[in-house]
Amino acid sequence: MTAQLNPRGDVAVLVPAAGAGVRLGPGAPKALRLLAGEPLLVHAVRRIATAPSVHTIVVAAPPAEVEAVRLMLAPVAEVIVVVGGATRQSSVAAALGAVPAGPEIVLVHDAARALIPPVLVESVAATIRAGHDAAIPVLPVIDTVKEVSADGLVLGTVDRSALRAVQTPQGFRRPVLAAAHAAAVDALTDDAGLVEKQGVRVTCVPGSPYAMKITTPFDLALAEHLWQTQPEPGVG
Ligand code: CTP
Ligand code: MG
C-alpha cells in the first residue's frame, strides 16, 4: 500500500542511493540489492514514510536506474527521484536541490541503512525542531581502538570513552545544510562533517543497532536475520 506522507509535516528526508556497492561484491547497485526479497531502498523508504513528520522524500538514484527506481517506489510512497552523482556528497547535493518549498528540517539517510526505525527519524527531527542546528545518531564504540602504523605496529590505544560511531539519519536546519553544501570543497562521507567545517554545533542523539549500514556480505546476512526477527517498520 502506498504510504501517505504528511502534507503538514516539516521534514524532508534525502536518501542517497546512487552508490555501486563495491564492498558488497559484484551485482546490482547496492540500494537495489535484495533483503527479504525487496530492494534495500524499498525497505528504507517504507520505514521513512512511516515517520509522522515526513513531508517529502527525495531519492538520489544510480544514473542508469532512475526509471527503475521510480517504478519500484511508486507503490511504496510518493517520492521525488533525482539522478545521483559520482560521490555521496554530490548525490546529497542533487537531492537537496529538489526539495520543494515548505520543510524547514532536512534529514539525510543512507539507503544502505535499510532497517532504519521510524522512531529514529522522529528523534533526530525533534532535536532540530527543539532549536539545534544539526543532530546525528550515535552509538558507543564497543571494541578497543588502537592507532596502528602503515606497517602494522601499534602506536597507541585510543580512549574510546570519548568516541562514538555515527549513523544516519543526520538532521539539519535547512539553511544550515544548504550553506554547508554550497561551501563544500572536500568530499566527506557524512553531512555533519560538512556543517562542522562551517563551525556549526552538532548534537548527538542515541542511535539504534537497526540503523546499521549494510556494507559487506556479512552485514547483509545480519540484516536478513534482523528482518526475520523484526519485520515491522514500527520497531525501535
Ligand atoms: N551513495 C550515493 N552516491 C554515491 C555513493 C554513495 O548516493 N556516489 C550512497 C549509497 O547508495 C549509500 C550511502 O551513500 O546509500 C552510503 O554509502 P556506502 O555505504 O559507501 O555505499 P556504496 O558507495 O554503494 O558502497 P561502496 O562504497 O562499497 O561502493
Ligand atoms: Mg561508498
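The values are calculated or read from the model by the stated rules, or taken from the named source; none is laboratory data. Here the structure is a predicted model, which means the values were calculated and not measured. Cβ: placed from backbone, ideal geometry, glycine included. Neighbour counts: every protein chain shown.
Identify all residues within region 104-132 that are crowded, with 18+ Cβ neighbours inside 10 Å and over 15 Å from I48 (Cα atoms); write none if there are none. Passing the criteria: T127, I128, H132. Residues in region 76-109 that are small (G, A, S) and either assigned to a loop (DSSP other than H, G, I, E, B) or within 12 Å of ligand 1 (Cβ to nearest atom) (or both): G84, G85, A86, S90, S91, A93, A94, A95, G97, A98, A101, G102. Working only within region 181-195, note down all residues that are crowded, with 16+ Cβ neighbours inside 10 Å and not hydrophobic (A, V, I, L, M, F, W, C). H181, D190, D191, G193 - these are the residues of region 181-195 that are crowded, with 16+ Cβ neighbours inside 10 Å and not hydrophobic (A, V, I, L, M, F, W, C). Cβ-Cβ distances below 6 Å connect the following pairs, each with a first residue in region 201-218 that is under 14 Å from R47 (Cβ atoms), a second residue that is within 16 Å of ligand 2 (Cβ to nearest atom), and a separation of six or more residues or different chains: A211/R113; A211/Q167; I214/A112; I214/L220. The condition of being within 12 Å of the chain's Cα centre (by Cα) and modelled with pLDDT of 95 or more holds for only one of P117, P103, that being P117. Only one of the numbered conditions (1) of a type outside the set (D, E); (2) more than 9 Å from ligand 1 (Cβ to nearest atom); (3) in a loop (DSSP other than H, G, I, E, B); (4) touching a residue at least 40 places away in the same chain (Cβ under 8 Å) is violated by A28, and that is (4). Yes or no: A20 within 14 Å of ligand 1 (Cβ to nearest atom), in contact with a helix residue (DSSP H, G or I) (Cβ under 8 Å, 6 or more places away or on another chain), farther than 21 Å from Q170 by Cβ and not hydroxyl-bearing (S, T, Y)? When the stated conditions are applied, A20 passes them.
Restricting attention to region 7-17, which residues are exposed (fewer than 14 other Cβ atoms within 10 Å of the Cβ) and either within 8 Å of ligand 1 (Cβ to nearest atom) or assigned to a helix (DSSP H, G or I) (or both)?
none
Quick check: is even one residue across region 31-53 surrounded by 17 or more Cβ atoms within 10 Å (Cβ to Cβ), within 16 Å of ligand 2 (Cβ to nearest atom), under 21 Å from V108 (Cβ atoms) and over 16 Å from the mean Cα position of the chain (by Cα)? Yes, because at least one residue in region 31-53 is surrounded by 17 or more Cβ atoms within 10 Å (Cβ to Cβ), within 16 Å of ligand 2 (Cβ to nearest atom), under 21 Å from V108 (Cβ atoms) and over 16 Å from the mean Cα position of the chain (by Cα). In region 181-201, of all residues being within 16 Å of ligand 2 (Cβ to nearest atom) and assigned to a helix (DSSP H, G or I), the one that is nearest to L107 (Cα to Cα) corresponds to D191. Against the numbered list (1) away from ligand 2 (no atom under 16 Å from the Cβ); (2) exposed (fewer than 11 other Cβ atoms within 10 Å of the Cβ); (3) under 30 Å from E104 (Cβ atoms), A178 comes up short only at (2).
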